[in-house]
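See structure below.
The values are calculated or read from the model by the stated rules, or taken from the named source; none is laboratory data. If you're wondering where the values come from, they're calculated on a predicted model, not measured in any experiment. Cβ placement follows ideal geometry from the backbone for every residue including glycine, while neighbour counts extend to all protein chains displayed. Just so you know, the surface numbers come from the protein's heavy atoms only, side chains and all, with ligands and any DNA or RNA stripped out. Shrake-Rupley method; radii C 1.70, N 1.55, O 1.52, S 1.80 Å.
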Amino acid sequence: YLLLNGELPNAQQKSDFEYNVTHHTMVHEQMPRFFQGFRRDAHPMAVLVGVVGALSAFYHDSLDIQDPEHRHISAIRLIAKMPTLVAMAYKYTIGQPFIYPQNDLSYTANFMRMMFGTPCAEYQPNDVLVRALDRILILHADHEQNASTSTVRMACSSGANPFACIAAGI
C-alpha cells in the first residue's frame, strides 16, 4: 500500500487493500493450460515471463496506463496473482498439481501453502517461517531501484501494458 500510494494506510484502507488483494489471487481457469506449453525442465522464471505477459489477454479491461483507475486495478491484480503464478510455475517444474489460493490465509501463508502443499494433506504454514518471509518480502520491496525495477520502468515509459512491463522485469 505504501509503495502504491506513497503513504501508510489507515485501518479501513489497510483492510480494504488486504481484502482486494486476497480476493483476486485466483487466476483464470484457462491460465493453467498455458503451463502445458512449456517443457517440464524449463526454468520457473522463464515460464513466469510467459504467463505474466499472457495476463493482458485475460485482463484487457484495465490496460490503459493513462487511466489511474486502470493502473490501480492492474497493480492489485499483479500483486494478488503473482504468488499464485509463481507457485504454479514451481509446481509445474517439479511435476506436482497446482494448489489453488485460500482466502482465509494471509498473503505469505497462502503463498507458502500454494508452494509446498499437496492435495494429499492439509498444509499448515509455520508461523515463524511466515513472519520471516513477510520480512524478506518487505525488505525486497523496500530495496533500491535494481535492474528489474529499472527494466519495468523503461518498458512502462514506452506505453506497454502493465503485464508486459512486469514480464520484462522478470
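Would you check which residues across the range 150-165 are assigned to a helix (DSSP H, G or I) and open to solvent by less than 50 Å² (accessible area, probe 1.4 Å) and list them?
150, 152, 155, 162, 163, 164, 165
Within the range 17-45, work out how many residues are surrounded by 13 or more Cβ atoms within 10 Å (Cβ to Cβ) and either more than 15 Å from the chain's Cα centre (by Cα) or in a helix (DSSP H, G or I) (or both).
Of the residues in that region, 12 qualify.
The conditions are (1) in contact with a strand residue (DSSP E or B) (Cβ under 8 Å, 6 or more places away or on another chain); (2) in contact (Cβ under 8 Å) with a residue 60 or more places away in the chain, and residue 161 fails exactly one of them. Which is it?
(1)
Is the range 87-96 home to any residue that is out of contact with any Asp or Glu (no Cβ under 8 Å at 6 or more places or on another chain), touching a residue at least 60 places away in the same chain (Cβ under 8 Å) and under 18 Å from residue 3 (Cβ atoms)?
no
Restricting the search to the range 77-109, which residues are of a type in the set (Phe, Trp, Tyr) and in a helix (DSSP H, G or I)?
Within the range 77-109, 90, 92, 107 meet the criteria.
Filter the range 126-149 down to the residues that are outside any helix (DSSP H, G or I) and at pLDDT below 80 and list them by number.
143, 144, 145, 146
If I filter the range 56-76 for residues that are hydrophobic (A, V, I, L, M, F, W, C), within 19 Å of residue 105 (Cβ to Cβ), open to solvent by less than 20 Å² (accessible area, probe 1.4 Å) and not in a helix (DSSP H, G or I), do I get at least one hit?
No, because not a single residue in the range 56-76 is hydrophobic (A, V, I, L, M, F, W, C), within 19 Å of residue 105 (Cβ to Cβ), open to solvent by less than 20 Å² (accessible area, probe 1.4 Å) and not in a helix (DSSP H, G or I).
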